[in-house]
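Scroll down for the structure; my scribbles are underneath it.
Since every read-out is calculated from the coordinates, none of them should be taken as a lab result. Remember, it's a predicted structure, so these values are computed and weren't measured experimentally. Note that we place each Cβ from the backbone using ideal geometry, even for glycine, and neighbour counts take in every protein chain shown.
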Amino acid sequence: MADSLAPDPTKPKRPKPERTRTFRTPKWFKWLVRHPRLKDGFARLVGIYLALVYRTTRWDFVGLENLAPTTHEKTAGLVCFWHERLPMMSMLAIEAQRLGASMRTYVLVSGHNDGRFIGHAVGRFNLGTVIGSSSKGGAASLRNMLLLLREGSNIAITPDGPRGPAKVAAAGVVQLAAATGAPIYAASAQCRFHMRMPSWDSMILPFPIPFSRGVIVVEPAFTVPRADWAAHMPRVVAALNTASEKADRLCGITPSPSEPS
């Protein structure tokens, strides 16, 4: 007599549900960025690490002439890049300052501790910060960015930040461009030697290896009209993906797949 508890071989096996893992900020990192003294010291170390990367890397700039309205004509603009490229993008501000750009650039960071931590780290490169989000910044942060743009300052923004989904742009950057007429500069960066963090955006951390190659790409600027501004969202995503793919290829790296907008 067959065992009634034995599985019936004629019945197909049920497929196991696929497990999806969502990244959560480690508890030790949360504790670190919340501690006042440790947070400032850690942010200073991160700033030193970035400065070391910038100095030891041989940087090539592609499309830097597209920033001429900002560096020479003093026209405020919106510089956009995917969140995964954040650690390398301060080099673009450093190069713009070297070329004579006197306009200050403000980086949009979240109001959480990790966002303020990023603000402390990039502060050594003469970058200001605006508290908010490209998707949930609220009226106050949008108003502050509007004022900064109208006063002649640049805004650096990650359209998929601060919490993703990765490479999916929020509407904030297009709304700002439509409201102010400021041009949008889609930019990206890559380093030949790097690692990817196990974070929601697979953030790229470059290695401070002497004479390693780094590439920063700036796509041609474009403006967004007030009427039907939402129709220009795919244009932002396409420009950011194009810039990232160029930077990857110039570093000899196979471009990572782009996410849909």
Inset, instruction - For the range 41-57, just list the computed ³J(HN,Hα) in residue order, Karplus coefficients 6.51, -1.76 and 1.60, θ = phi - 60°, integers in Hz, with x standing in for Gly and Pro. - result: x, 5, 4, 5, 5, 5, x, 5, 4, 5, 4, 5, 4, 5, 7, 8, 9
Legend entry - Vicinal HN-Hα couplings computed from phi for the range 171-182 (Karplus, 6.51 cos²θ - 1.76 cosθ + 1.60; Hz; Gly/Pro x): 7, x, 5, 5, 5, 5, 4, 5, 6, 10, x, 5
Inset, instruction - On a C-alpha basis, how far is the centre of the range 157-189 from the centre of the range 203-229 in Å? Whole number, if you could? - result: 12 Å
Legend entry - Separation in nanometres of the label points that stand 7 Å from Cα toward Cβ, at ALA231 and SER102: 4.1 nm
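Taking only C-alpha pairs under 8 Å that are 6+ residues apart, what is the relative contact order of the range 129-261 in percent? Spell out each step's value before the answer.
Details: 202 pairs, mean separation 33.1, N = 133.
That works out to 25 percent.
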Legend entry - Value of relative contact order over the range 53-109, rounded to a whole percent, pairs C-alpha under 8 Å and six or more apart: 42 percent
Inset, instruction - Name the residues whose placed amide hydrogens come within less than 5 Å of the amide hydrogen of ASP60, ignoring near sequence neighbours (fewer than 5 apart) on the same chain. - result: GLY214, VAL215, ILE216
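List the chymotrypsin sites (Phe, Trp or Tyr not before Pro) within the range 192-261 that fall in a DSSP loop (any state other than H, G, I, E or B) and whose Cβ has at most 12 other Cβ atoms within 10 Å.
Numbers: sites: PHE193, TRP200, PHE211, PHE222, TRP229; in loops: PHE193, TRP200, PHE211.
Passing sites in the range 192-261 are PHE211.
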Inset, instruction - Net charge near GLY214: determine it from the other residues with C-beta under 9 Å of the C-beta of GLY214, scoring Lys and Arg +1 and Asp and Glu -1. - result: +2
Legend entry - In the range 191-241, the trypsin sites (Lys or Arg not before Pro) that fall in loop regions by DSSP, at most 15 other Cβ within 10 Å: ARG226
Inset, instruction - Could you list which residues have their amide H under 5 Å from that of HIS194, counting only those 5 or more apart in sequence or on another chain, with H placed in the peptide plane? - result: PHE207
Legend entry - Long-range amide H partners of VAL79 with built H, under 5 Å: ILE155, ALA156, ILE157, TYR185
